[in-house]
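Remarks on the structure that follows.
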Amino acid sequence: MSIFRRARGGPGRVSVQEAARRTGHDNAEGGGDAVLLDVREPYEWQTGHAPRAVHLSLSALAAGAGLPPHAQARPLIVICRSGNRSRQAAELLVARGSQAVDVIGGMRDWAKMGLPVVDARGGNGTVA
């Protein structure tokens, strides 16, 4: 199943497990063909995010900010705290020509699944 299959009226959605698999967070070696794009606000990012994720807040994206270099021309798996903002961000990104899907359940479910969360200093993070 392609992660880029669209739901009715919008971009596709993936589970936390599929997001971890496609971004390489489900194994110690990393890898994966997609970039995990975290669209939460800076204070949320600093408190806890997935290792190797790329940060661009939804507010910056909506104001016209471009993707960080590492995320350009790559499939995007968009994540926020619970899945609402990531859905909006994925819609914006798809409208701009990117391949993007959002993560159902967001970072809350990511942490509940026992996937890694780090803070701004690389220590153990939390999802606010």
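The values are calculated or read from the model by the stated rules, or taken from the named source; none is laboratory data. None of the values given here were measured: they were computed from a predicted structure. Cβ atoms come from the backbone with ideal geometry, glycine included; neighbour counts cover every protein chain shown. Surface accessibility is based on the protein's heavy atoms, side chains included, excluding ligands, DNA and RNA. Shrake-Rupley method; radii C 1.70, N 1.55, O 1.52, S 1.80 Å.
Does the range 105-119 include one or more residues that are more than 15 Å from the chain's Cα centre (by Cα), among the aliphatic types (A, V, I, L, M) and open to solvent by less than 70 Å² (accessible area, probe 1.4 Å)?
First, the residues of the range 105-119 that are more than 15 Å from the chain's Cα centre (by Cα): 112-114, 119.
Keeping just the survivors that are among the aliphatic types (A, V, I, L, M) gives 113.
From the residues that got through so far, the ones that are open to solvent by less than 70 Å² (accessible area, probe 1.4 Å) too are none.
The answer is no; no qualifying residue exists.
Does ARG87 count as surrounded by fewer than 17 Cβ atoms within 10 Å (Cβ to Cβ) and either among the charged types (D, E, K, R) or farther than 22 Å from ALA62 by Cβ (or both)? Even if it seems obvious, please write down each step before you answer.
Working: surrounded by fewer than 17 Cβ atoms within 10 Å (Cβ to Cβ): no; either among the charged types (D, E, K, R) or farther than 22 Å from ALA62 by Cβ (or both): yes.
Against the criterion (surrounded by fewer than 17 Cβ atoms within 10 Å (Cβ to Cβ) and either among the charged types (D, E, K, R) or farther than 22 Å from ALA62 by Cβ (or both)), ARG87 does not qualify.
Is it fair to say GLN88 is closer than 21 Å to ASP119 by Cα, out of contact with any strand residue (DSSP E or B) (no Cβ under 8 Å at 6 or more places or on another chain) and modelled with pLDDT of 95 or more? Can you show your working first?
Values: closer than 21 Å to ASP119 by Cα: no; out of contact with any strand residue (DSSP E or B) (no Cβ under 8 Å at 6 or more places or on another chain): yes; modelled with pLDDT of 95 or more: yes.
Here the answer is no, as GLN88 does not meet what is asked.
State all residues of the range 74-107 that are free of Cβ contacts under 8 Å to residues at least 24 places away in the same chain and basic (Lys, Arg); if no residue qualifies, say none.
Selection gives ARG96 alone.
Here are the criteria: (1) touching a residue at least 60 places away in the same chain (Cβ under 8 Å); (2) polar (S, T, N, Q); (3) crowded, with 17+ Cβ neighbours inside 10 Å. Tell me which single one THR126 does not satisfy.
Every listed condition holds for THR126 apart from (3).
Taking ALA71 as meeting all but one of (1) in contact (Cβ under 8 Å) with a residue 12 or more places away in the chain; (2) open to solvent by 30 Å² or more (accessible area, probe 1.4 Å); (3) over 15 Å from VAL14 (Cβ atoms), write down the number of the exception.
Result: ALA71 fails condition (2) only.
Is it the case that the range 22-40 has a residue that's part of a helix (DSSP H, G or I), buried (at least 21 other Cβ atoms within 10 Å of the Cβ) and of a type in the set (Val, Ile, Thr)?
yes
Looking only at the range 41-67, how many residues end up being surrounded by 15 or more Cβ atoms within 10 Å (Cβ to Cβ), hydroxyl-bearing (Ser, Thr, Tyr) and over 12 Å from CYS80 (Cβ atoms)?
1
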